[in-house]
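Below: one structure, written as structure tokens.
Just so it is clear, none of the values below were taken in a lab; they were calculated from the coordinates. Values in this document were obtained by computation on a predicted structure and should not be read as measured data. For neighbour counting, all protein chains shown are included, and Cβ atoms are generated from backbone atoms with ideal geometry for every residue, glycine included.
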Amino acid sequence: MRTLLILQDPLERDRLAIGLANIPDASVEVASGPTAVERARRKRFDVVFIGHDPQDEVNGNGIEITARLREFDRESEVIIVTDARHVRTVKAERERLNIASILRTPIDPNDFFRLAARIRTRRPASPGRSVKA
């Protein structure tokens, strides 16, 4: 399972990277800012975790990043990672942007592993198991 993490919050990004590293056949790449969408353009990912913070003017909020990703990739499962205050905003865009799931922060390990199990059952195993920055 090829996974891309596009999260600005280092704590949540590390939690996801560590959790994904414990999943067999998972490979994880981490990117941020404008380079994140370009990385997704150059390489296909099975799952993309995107952090959503409406106040992030430098990197763009998760809805904007997802919209840019969907311009060229309708296949990757997108999971938006956001706090409870912004879930309603993400839900309003869910169908339009083909968002698979919303993961609330702080990330509850039980929620994460339930989500990971669902994703794994829908995706074929991919080679390699590593974390790249």
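A few remarks follow.
- Number of positions in region 1-34 that are in contact with a Leu (Cβ under 7 Å, 6 or more places away or on another chain), charged (D, E, K, R) and part of a loop (DSSP other than H, G, I, E, B): 0
- Scan region 27-77 for residues that are of a type in the set (A, V, I, L, M) and more than 17 Å from ASP9 (Cβ to Cβ) and the total you get is 5.
- Residue match in region 35-58 (condition: surrounded by 16 or more Cβ atoms within 10 Å (Cβ to Cβ), of a type in the set (Ser, Thr, Tyr) and either free of Cβ contacts under 8 Å to residues at least 40 places away in the same chain or assigned to a strand (DSSP E or B) (or both)): no
- Scanning region 86-107 for residues that are in a loop (DSSP other than H, G, I, E, B) and either at positive phi or touching a residue at least 24 places away in the same chain (Cβ under 8 Å) (or both) turns up LEU97, ASN98, PRO106, ILE107.
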